[in-house]
Amino acid sequence: MPSAEEVFERTYAAYGPALYRFCLVQMGNGADAEDVLQEVFCKRLYRAPEFGTAEQERRWLFRVAANQCRDELRRSRRTEVPLAEGLPAPDGIDLGLWELVAALPEKQRTVIHLRYAEGWTVEEIAAILGTSVPAVKMRLKRGRDALRKEWEAER
């Protein structure tokens, strides 16, 4: 049986950077993202179920992170969160476009990030967020439409 320290090190090495990027986009600044990430890993250590596969663990961690970010944003009564300065865009995504993503409403920003920065499928995103596949598809469509409109306006 691995120790709590070994579980933490393995889990953080495997998922920490992606979860931090996700939390940073959701929260808008590094300090809040780190606080949320700490809560996510505490829940992983002390409240997580047994996982049959690494994919189940990854999905569970992103679901917990999404819920934790949402709860924290509600507590602080923020509605639109600006992207923290200096946030690197994921590989293959233009920084200007990435800044536009950060300006989207939370529901659109979340699905766009999970789909294009983290590579989740629509079905996986629906499972993470506890919503339906059609709802995810609609949020993606609305997010892409908003991004296209803003991108063309800036060009």
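Kindly indicate whether residue 119 is open to solvent by less than 70 Å² (accessible area, probe 1.4 Å), free of Cβ contacts under 8 Å to residues at least 12 places away in the same chain and more than 14 Å from residue 102 (Cα to Cα). Spelling it out, residue 119 is indeed open to solvent by less than 70 Å² (accessible area, probe 1.4 Å), free of Cβ contacts under 8 Å to residues at least 12 places away in the same chain and more than 14 Å from residue 102 (Cα to Cα).
Of all the criteria given as (1) touching a His at 6+ places or on another chain (Cβ under 8 Å); (2) exposed (fewer than 12 other Cβ atoms within 10 Å of the Cβ), the one not satisfied by residue 6 is (1).
The set of residues in region 38-63 being without any contact (Cβ under 8 Å) to a residue 60 or more places away in the chain, touching a helix residue (DSSP H, G or I) at 6+ places or on another chain (Cβ under 8 Å) and either charged (D, E, K, R) or within 20 Å of residue 112 (Cβ to Cβ) (or both) consists of 39, 43, 44, 57, 58, 61.
Could you please find all residues in region 133-155 being surrounded by fewer than 11 Cβ atoms within 10 Å (Cβ to Cβ) and farther than 18 Å from residue 101 by Cα? 134 - this is the single residue of region 133-155 that is surrounded by fewer than 11 Cβ atoms within 10 Å (Cβ to Cβ) and farther than 18 Å from residue 101 by Cα.
Name every residue in region 97-134 that is part of a helix (DSSP H, G or I) and touching a Phe, Trp or Tyr at 6+ places or on another chain (Cβ under 7 Å), in order of residue number. If the condition is that a residue be part of a helix (DSSP H, G or I) and touching a Phe, Trp or Tyr at 6+ places or on another chain (Cβ under 7 Å), then 97, 100, 113, 114, 128 are the ones that fit. When 27, 1 are checked against the criterion of being more than 17 Å from the chain's Cα centre (by Cα) and of a type in the set (A, V, I, L, M, F, W, C), 1 stands alone in meeting it.
Suppose we keep only residues that are surrounded by 16 or more Cβ atoms within 10 Å (Cβ to Cβ) and modelled with pLDDT under 65 within region 47-88. Which one would you say is nearest to residue 154 (Cα to Cα)? Ranking the qualifying residues of region 47-88, first place goes to 83.
Taking region 122-132, which residues are open to solvent by 60 Å² or more (accessible area, probe 1.4 Å) and at pLDDT below 95? Of everything in region 122-132, just one residue is open to solvent by 60 Å² or more (accessible area, probe 1.4 Å) and at pLDDT below 95, namely 130.
Among the residues making up region 15-29, a single one is under 16 Å from residue 64 (Cβ atoms), of a type outside the set (Lys, Arg) and open to solvent by 60 Å² or more (accessible area, probe 1.4 Å): 20.
The values are calculated or read from the model by the stated rules, or taken from the named source; none is laboratory data. Computed from a predicted model, the values in this text were never measured in an experiment. Positions of Cβ are generated from backbone atoms using ideal geometry, with glycine treated the same way; all protein chains shown enter the neighbour counts. These accessible areas exclude ligands, DNA and RNA; they are computed on the full protein's heavy atoms, side chains included. Shrake-Rupley method; radii C 1.70, N 1.55, O 1.52, S 1.80 Å.
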